[in-house]
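Worksheet for the structure shown next.
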There are 4 protein chains.
Amino acid sequence: MHPRYMHGAATSPEVKVYAYAAAQVKKALEVTHYLGGENYVFWGGREGYQTLLNTDMKRELEHLANFLQAAVNHKKKIGFNGTLLIEPKPQEPTKHQYDWDVATTFSFLQKFGLTGEFKINVECNHATLSGHSCHHELETARINDILGNIDANTGDPQVGWDTDEFLTDISEATLIMSSVVKNDGLAPGGFNFDAKLRRESTDVEDLFIAHISGMDTMARGLRNVAKLIEDGSLDELVRKRYQSFDTEIGAMIEAGKGDFETLEKKVLEWGEPTVPSGKQELAEMLFQSAL
Amino acid sequence: MHPRYMHGAATSPEVKVYAYAAAQVKKALEVTHYLGGENYVFWGGREGYQTLLNTDMKRELEHLANFLQAAVNHKKKIGFNGTLLIEPKPQEPTKHQYDWDVATTFSFLQKFGLTGEFKINVECNHATLSGHSCHHELETARINDILGNIDANTGDPQVGWDTDEFLTDISEATLIMSSVVKNDGLAPGGFNFDAKLRRESTDVEDLFIAHISGMDTMARGLRNVAKLIEDGSLDELVRKRYQSFDTEIGAMIEAGKGDFETLEKKVLEWGEPTVPSGKQELAEMLFQSAL
Amino acid sequence: MHPRYMHGAATSPEVKVYAYAAAQVKKALEVTHYLGGENYVFWGGREGYQTLLNTDMKRELEHLANFLQAAVNHKKKIGFNGTLLIEPKPQEPTKHQYDWDVATTFSFLQKFGLTGEFKINVECNHATLSGHSCHHELETARINDILGNIDANTGDPQVGWDTDEFLTDISEATLIMSSVVKNDGLAPGGFNFDAKLRRESTDVEDLFIAHISGMDTMARGLRNVAKLIEDGSLDELVRKRYQSFDTEIGAMIEAGKGDFETLEKKVLEWGEPTVPSGKQELAEMLFQSAL
Amino acid sequence: MHPRYMHGAATSPEVKVYAYAAAQVKKALEVTHYLGGENYVFWGGREGYQTLLNTDMKRELEHLANFLQAAVNHKKKIGFNGTLLIEPKPQEPTKHQYDWDVATTFSFLQKFGLTGEFKINVECNHATLSGHSCHHELETARINDILGNIDANTGDPQVGWDTDEFLTDISEATLIMSSVVKNDGLAPGGFNFDAKLRRESTDVEDLFIAHISGMDTMARGLRNVAKLIEDGSLDELVRKRYQSFDTEIGAMIEAGKGDFETLEKKVLEWGEPTVPSGKQELAEMLFQSAL
């Protein structure tokens, strides 16, 4: 024990920082309500740790949950009916953030009884930093009924920090829009360009070009999705891949009644199965044909 | 629509593959029980997708949950009381596995009501592939009461695939052992060397050297943890960092009673807080001193 | 010193392995010549180290250089006039390969006087594994006059191992083709599909679909490059960015006569410069418009 | 062609920026000389591109070479005898920097005839960002006789940006020091802590703790290297691995006289070789034993 290193700790002001943050969020919620806001994003960036050596992760997660529950309580108290959103981000500047990705955030919401109170704001560059495609993060949110808003930017998957570039990749835009369509839109959320010019883009016109280019990219993405839906081949490919779960034994499995004894009996009757093709190359060809 | 691509899909054998896997796991559970096994690890490697273009992720996750529930049911039916474990792995050979990391797996278990039936087998090289330290994965499992076993291997963080090397890093071993001690051990689970020789290590003695070196590394890790605990400085540093949550307003916050109005009043009384030091460099120095 | 570990080393057969490899490459060169081959690729995969702890990197690089020089000598001796190519790969299965990327390989060729005897076979998935875009590797080879052949495959930039997928990304194909056009083609080299089906693609037709899709992608890439060249806007944007180096002080700098004293005098005359825009968003918009 | 986007390009001030940089470096070189400096580091951070779409990489590399040659000329003109150093960095904030790593920088120096005029300042965090260990970068510089100085910091290999932390890893420090010892030191260069406190470390004492911890780590590294040298086992393991190249056929190969015909004859005499063990696990055990 080296008590000399510890002299400042007795009056540690951590609770004061927590309270200060609470007062700030309280005010921001009230202002949002006053202005008629429909969404309130908990945009983070520090809600994690730099090293576990100095961190009580269990206690920090409980503090975070209590903070967010207090926000829910205050929202209801003041009559604000807008959506509360969490924007997952894996790291930067911290080594690890508690809302690393959609699945991690959903795990947290479930554990602390906050499901139903929060939706997710997916930021595409945060998605790629966490090792996932933006499409994966959108779909993970969508199938768990927590997709609420999209920060429509992009980053370079070979770059390890957040660059927040305007989206120009048509393929990416098409995947994003396919999630939005499957989600029946995002309202009361929507898209926002959480994107900025490159440091070297110093002309005034660059700002206009970037927005036009980003908007056009989203529009091309939506038109491509329309083409894919009209053509129907890709949807049909996916539907057929799972159709054996629509009837008989498959339907029984989906109903949670596929016990191991019944299935073993069927296997002894059927013999070793052939492995069906995943048709990945076909799926990719159908997708690229729409671009 | 290109119906010519679809002709084979009508007889798709996906349900047969599911049933075949069920019969295999049924048999393996029974053999484990017969042999007096105490743990059963769902070691995976294919439980994910290569591309979302051909995948219905929602349906696949439901299938996986139903499969695991059926395994739980069968385990109880045959009177097997051992622990069921899931071993998270982010990818390889698939692009994305559904048990990506501990948090993702815990999210899945919660959603499908499987918490309490499964523990986690943390594999250190899988941890690093998912962008986390092994220590992070262990701690995430520990604080959620699902740490059950450890595959004690390692990988190179600058290498993007699973190498399963014997652990030789003393610092890593110390962090691992600190989680084990905090978890009051792992029983009925434990450690296993899911590690192998390098391809170029062709002498018979290499196999002995590797195991001795791996075992010595774990032992040095445990002795270092003992030193850290006896010294107490590092634990004290962490304890002091959170001690302002032990009493008064802090305790009220931890009890879930820190509403925003009360906190705002305290802030107006306290003024803007000073930011306390995280003491990271001190924590690192204390840790390294024990190695 | 632990002499007991060393007893086997005295008769170490490393030279025999080197000689065996030499005999293999000798035979392969002769067969290639006999069959009228026009290219000979040193496809690697082991020419590196797993750990520097057991490696004399200096000596290994000299051995590699002597081996390649001996191959050049033998090629000339037997009258084989085909191109010798090295295919850079950063790692996998080794931690580090000596032909990590194009720049590293070019450095090696220069140091050992082998420039002029070897060209580069760029593999796009190896490029992305080394942290570069395929386009970067192609351009680095092209501007150093060593671009000889292209393995036209692709990988997922979020995946850390070589997947060798068929190329389906139109944007990537366009960038690749733009390098080929600027290089006046690749002859006597060309493209080859060093790409394979996904493990899950088990239908016979998948092999056809994959090749058709890959070939169509390359064709769309070439047509897009034609569009970009005809339009001319993107080339013009780049040309204008550097045109101030075409005359006067700029031309003097390019001629290697821009000494610091002269330049300082001009600066004192000109004053602090405005920073010109890199027009990245415009360049991206022009590029995407051609897709 | 969209001529309206181009109106500003005619007076593009790129040459003025080049000249301005020249005047700045001229002044900095003169001040360094006046103050008795012994080293001059070209610390970069912008010498690359964000996208190849707007970049003429060939021309930019020639400009950079001419700039550095002019610096060499000016250095000689003013009688400054200090070492000029380049500090490789792969990226951040640019997508690609022209001095990506040691090998890339050495390739550049060779191509433009600048070898002999520049040494390398290895920054350990830049090393890890480029996908290499710091030890790899040091060794690559050392065996090419261009190791001149070390920025002794560290980063987290699971984090994709430059964090410049104080070095606390004993293993890493030992590897670094082993390169320094093999290089017979670094003079007139040396070590510098290009490292900073974490943002959360707000106490004054943190600055002292960090420097003490960093210095102690380097000292422990040096003492470990002394232990390894005194013990001799690891050096002996490496020496034995290559000793078959010290005599007879091996020596002939090293002298560049191992032609394929001679080697093939020896192979026919020797038969297929056994593959010798790389003894990696033993090397790792010997190394860790010294920590």
Review point. Measuring from label point to label point, each 7 Å out along Cα→Cβ, what is the B:LYS196 to A:ARG199 span in nm?
Key: 4.5
Exercise for review: For every other residue with a beta carbon closer than 14 angstrom to the beta carbon of A:PRO93, add +1 if it is Lys or Arg and -1 if Asp or Glu, then tell me the sum.
Suggested key: -3
**Study point:** Calculated P(r) of segment B:71-125 - Cα pairs past 14 Å, %
**Key:** 57
Review point. Under unit Cβ charges (Lys, Arg +1; Asp, Glu -1), what dipole magnitude, rounded to 20 debye, does segment A:236-290 have relative to its Cα centre?
Key: 160
**Study point:** Cα long-axis angle, helix A:14-34 against chain A (0 to 90 degrees, to the nearest 10)
**Key:** 70
**Study point:** Label spacing, shortest first and in nm, from B:VAL181 to its equivalents in the remaining copies (7 angstrom along Cα→Cβ)
**Key:** 3.1, 5.8, 6.6
Practice item. Among DSSP beta bridges lying fully in the protein assembly as shown, give the percent that are antiparallel, nearest 5. Key: 25
Exercise for review: Please build a GNM for chain A, connecting alpha carbons under 10 Å apart, and tell me which residue among A:THR115, A:THR247, A:THR174 fluctuates the most.
Suggested key: A:THR247
Check your understanding: Under a 5 Å amide H to amide H cut-off, with H placed in plane at 1.01 Å, what residues pair with D:VAL41 once short-range neighbours are removed?
Key -> D:LEU85
Revision key, fill the gap. Across C:125-132, the residue-averaged tally of Cβ atoms belonging to other chains within 10 Å stands at 3
Exercise for review: Report, as a whole number in µm² per second, the diffusion coefficient that Stokes-Einstein gives for the protein assembly as shown at 25 °C and 0.890 mPa s using the Kirkwood radius over alpha carbon pairs.
Suggested key: 76
Review point. What residues qualify as long-range amide H neighbours of A:GLU123, i.e. H under 5 Å apart, gap of 5 or more or another chain, H built at 1.01 Å from N?
Key: A:ASP151
Review point. To two decimal places, what compactness ratio does segment A:89-188 give when its Cα radius of gyration is scaled by 2.2 N^0.38 Å?
Key: 1.04
Practice item. With all distinct Cα pairs included, what does the Kirkwood hydrodynamic radius of segment B:3-206 come out to in Å, to one decimal, could you say? Key: 18.4
Practice item. Provide an ascending nm list, one decimal, of label-point separations from D:GLY36 to the equivalent residue in each further copy; define each label point as 7 Å from Cα along Cα→Cβ. Key: 7.2, 7.5, 7.9
Check your understanding: Mean residue ellipticity at 222 nm from the helices of chain D, using -39,500 (n - 2.57) per DSSP H segment of n ≥ 4 over the full residue count, to the nearest 500 deg cm²/dmol?
Key -> -16000 deg cm²/dmol
Check your understanding: When we measure straight from the Cα of B:LYS265, which lysines land under 22 angstrom away, once same-chain ones fewer than 8 places off are left out?
Key -> A:LYS16, A:LYS26, A:LYS27, A:LYS75, A:LYS76, A:LYS77, B:LYS257
Study note, to complete from the structure: Computed from the beta carbon distance with a Förster radius of 51 Å, FRET efficiency for A:LYS77 and C:ARG59 to the nearest 0.05 stands at 0.10
**Study point:** Point-charge dipole on Cβ atoms (K/R +1, D/E -1) for chain A, about Cα centre, debye to 20
**Key:** 1220
Exercise for review: Check each residue of segment D:211-233 and keep those whose accessible area, probe 1.4 Å, is at least 20 Å² smaller with all protein chains in place than in the chain alone; give them in order of residue number.
Suggested key: D:SER213, D:ARG220, D:ASP231, D:SER233
Practice item. Convert each backbone phi in segment B:58-63 into a coupling constant with the Karplus relation 6.51 cos²θ - 1.76 cosθ + 1.60 (shift: θ = phi - 60°), then list the ³J(HN,Hα) values in order as whole Hz, x for Gly and Pro. Key: 4, 5, 5, 5, 5, 4
Exercise for review: Please report the Cα spread of segment C:236-290 along all three principal axes, rounded to whole Å, starting with the longest.
Suggested key: 45, 24, 13
Practice item. Would you work out what percent of the accessible area of chain B, with all protein chains in place, is carbon or sulfur (probe 1.4 Å)? Key: 54
**Study point:** Förster radius 56 Å - calculated FRET efficiency between D:TRP43 and B:MET215 (Cβ-Cβ, nearest 0.05)
**Key:** 0.80
Exercise for review: Among DSSP beta bridges lying fully in segment C:3-206, give the percent that are antiparallel, nearest 5.
Suggested key: 20
Point to revise | Pairwise centroid distance, computed over Cα atoms, of segment A:194-227 with segment B:91-115, Å | key: 35
Review point. Cα axis of helix B:102-111 to longest principal axis of chain B: angle in degrees, 0 to 90, nearest 10?
Key: 70
Check your understanding: With contacts defined as alpha carbon pairs under 8 Å and 6 or more residues apart, what's the relative contact order of chain A in percent?
Key -> 12
Point to revise | Total accessible surface hidden between B and A, rounded to 100 Å², 1.4 Å probe | key: 9400
Check your understanding: From the phi of every residue in segment A:155-172, what ³J(HN,Hα) in whole Hz does the Karplus formula 6.51 cos²θ - 1.76 cosθ + 1.60 yield, where θ is phi - 60° and glycine or proline is x?
Key -> x, 8, x, 9, 10, x, 9, 6, 9, 6, 8, 5, 6, 10, 8, 5, 4, 4
Check your understanding: With point charges of +1 on the Cβ of Lys and Arg and -1 on the Cβ of Asp and Glu, referenced to the Cα centre of segment C:45-153, which listed residue (C:GLY45, C:PRO88, C:PHE118) lies farthest in the positive direction of the dipole?
Key -> C:PHE118
Practice item. Would you mind checking which residues have amide H under 5 Å from A:GLY48's amide H? H placed 1.01 Å from N; only 5 or more apart, or other chain. Key: A:TYR98
Review point. For chain C, modelled as a GNM with alpha-carbon contacts under 10 angstrom, which of C:GLN243, C:GLN91, C:GLN69 fluctuates the most?
Key: C:GLN243
Revision key, fill the gap. Karplus-derived 3J(HN,Hα) from phi for segment A:258-265 (6.51 cos²θ - 1.76 cosθ + 1.60, θ = phi - 60°), whole Hz, x at Gly and Pro, runs x, 6, 4, 5, 4, 5, 4, 4
Revision key, fill the gap. Relative to chain D, whose Cα atoms define the longest principal axis, helix D:280-289 and its Cα axis are tilted in degrees, nearest 10, by 80
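The values are calculated or read from the model by the stated rules, or taken from the named source; none is laboratory data. Since this is a predicted model, take the numbers as computed values, not measurements. Cβ sites come from the backbone with ideal geometry, for glycine too, and all protein chains shown count toward neighbours. In case anyone asks, the SASA skips ligands and DNA or RNA and just uses the protein heavy atoms, side chains included. Shrake-Rupley method; radii C 1.70, N 1.55, O 1.52, S 1.80 Å.
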